[in-house]
Amino acid sequence: HPSVTSNSSAEMGGTVTATLLADGPRANRSPAELAATALHEAFHVYQRRRHPGWSANEGDLFLYPTDDARLLGLRRLESAALRRALAAPNATGSACWARLALRFRRERFAGMDPAFSTYERLTEFNEGLATFVELLAAGKTTVEIPEAEFRAIEFRSRIYAIGPALAFVLERLRPGWQAALEADDKQYLDRMLESAVGVDGQGQAAPCALAADEIARIERTAQEDVAAVITARGERRKVFDTRPGWRVVVQ
């Protein structure tokens, strides 16, 4: 069908319809994989109709602070704690690590313009929950957050892992969270998780903590990665500014 150009959705016969490509290399995917992807896209169609507020302003991508080493370090510390929350053997451990992840997130969001934290939270709804549905359909009970996390500029790609990670931890710690979200879709996933685990974890004999050497390594790598981002950005600007041809200068 001419309207089907990607795994997405399109208006067909006046109806917004999930679309799936299963030709070329995609034809080698199993029917179960294709079905899970189809459900991901069908969930997007459902979201648009039922929860139209779950779409972020993609224009915020252009100004997102990928050149701040402190924010990148906190982002990766958050991911490290959340990865442990997913892997914990019981609900108590998951809650402990989730609480730490949320602490890093609060500190990170406090250092950002609210537009960017809102972007993350809305995209956790949009792409995160669609990916969660896809993973459930494929029989998964968790999502992988890479040990090295994501490149500094891959903050949107990261949400495809962090969104379902929050959902899987909620699945363990707050049964019925989906119905609560359906009834009030203004609740963010991280806020729902925070209400489930609390903020400070009073009464814990041995609160969760990342090792000092791991924190130092994450912060050091964040500084190196941000320096590389800034250098690459300067090089691209230099190439652009020295290209021959006409140009428009706005003063």
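The values are calculated or read from the model by the stated rules, or taken from the named source; none is laboratory data. Everything numeric in this text was worked out from a predicted model, so none of it was measured. Cβ atoms come from the backbone with ideal geometry, glycine included; neighbour counts cover every protein chain shown. Protein only, heavy atoms only, side chains kept; ligands, DNA and RNA dropped before computing areas. Shrake-Rupley method; radii C 1.70, N 1.55, O 1.52, S 1.80 Å.
Descriptive notes on the structure:
- Residues in region 1-16 that are closer than 18 Å to residue 47 by Cα, aliphatic (A, V, I, L, M) and open to solvent by less than 60 Å² (accessible area, probe 1.4 Å): 10, 12.
- Any hit, region 224-240, residues being surrounded by 13 or more Cβ atoms within 10 Å (Cβ to Cβ) and touching a helix residue (DSSP H, G or I) at 6+ places or on another chain (Cβ under 7 Å): yes
- Hits in region 117-144 (condition: part of a helix (DSSP H, G or I) and aliphatic (A, V, I, L, M)): 122, 129, 130, 133, 135, 136, 137
- Criterion (of a type in the set (Gly, Ala, Ser) and in a loop (DSSP other than H, G, I, E, B)) met by exactly one of 209, 216: 209
- Identity of the residue in region 18-43, more than 18 Å from residue 136 (Cβ to Cβ) and touching a helix residue (DSSP H, G or I) at 6+ places or on another chain (Cβ under 7 Å), that ends up most open to solvent (accessible area, probe 1.4 Å): 22
- Residue in region 86-100 that is under 19 Å from residue 157 (Cα atoms), of a type outside the set (D, E, K, R) and open to solvent by less than 20 Å² (accessible area, probe 1.4 Å) present: no
- Inside region 48-95, residues that are hydrophobic (A, V, I, L, M, F, W, C), assigned to a helix (DSSP H, G or I) and either more than 18 Å from residue 217 (Cα to Cα) or free of Cβ contacts under 8 Å to residues at least 40 places away in the same chain (or both) make up a count of 9.
- Qualifying positions in region 115-130 - open to solvent by 20 Å² or more (accessible area, probe 1.4 Å) and more than 9 Å from the chain's Cα centre (by Cα): 115, 116, 118, 122
Each row is one residue, and each column tells you yes or no for (1) touching a strand residue (DSSP E or B) at 6+ places or on another chain (Cβ under 7 Å); (2) of a type in the set (Val, Ile, Thr); (3) more than 26 Å from residue 170 (Cα to Cα).
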{"position": "5", "(1), (2), (3)": "no, yes, yes"}
{"position": "27", "(1), (2), (3)": "no, no, yes"}
{"position": "36", "(1), (2), (3)": "no, no, no"}
{"position": "48", "(1), (2), (3)": "yes, no, no"}
{"position": "68", "(1), (2), (3)": "no, no, yes"}
{"position": "71", "(1), (2), (3)": "no, no, no"}
{"position": "78", "(1), (2), (3)": "no, no, no"}
{"position": "94", "(1), (2), (3)": "no, no, no"}
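- Across region 131-182, the qualifying residues are those that are hydroxyl-bearing (Ser, Thr, Tyr) and closer than 18 Å to residue 66 by Cβ, and the one among them that is surrounded by the most Cβ atoms within 10 Å (Cβ to Cβ) is 160.
- Residue within region 69-78 that is under 26 Å from residue 224 (Cβ atoms), surrounded by fewer than 20 Cβ atoms within 10 Å (Cβ to Cβ) and charged (D, E, K, R) present: yes
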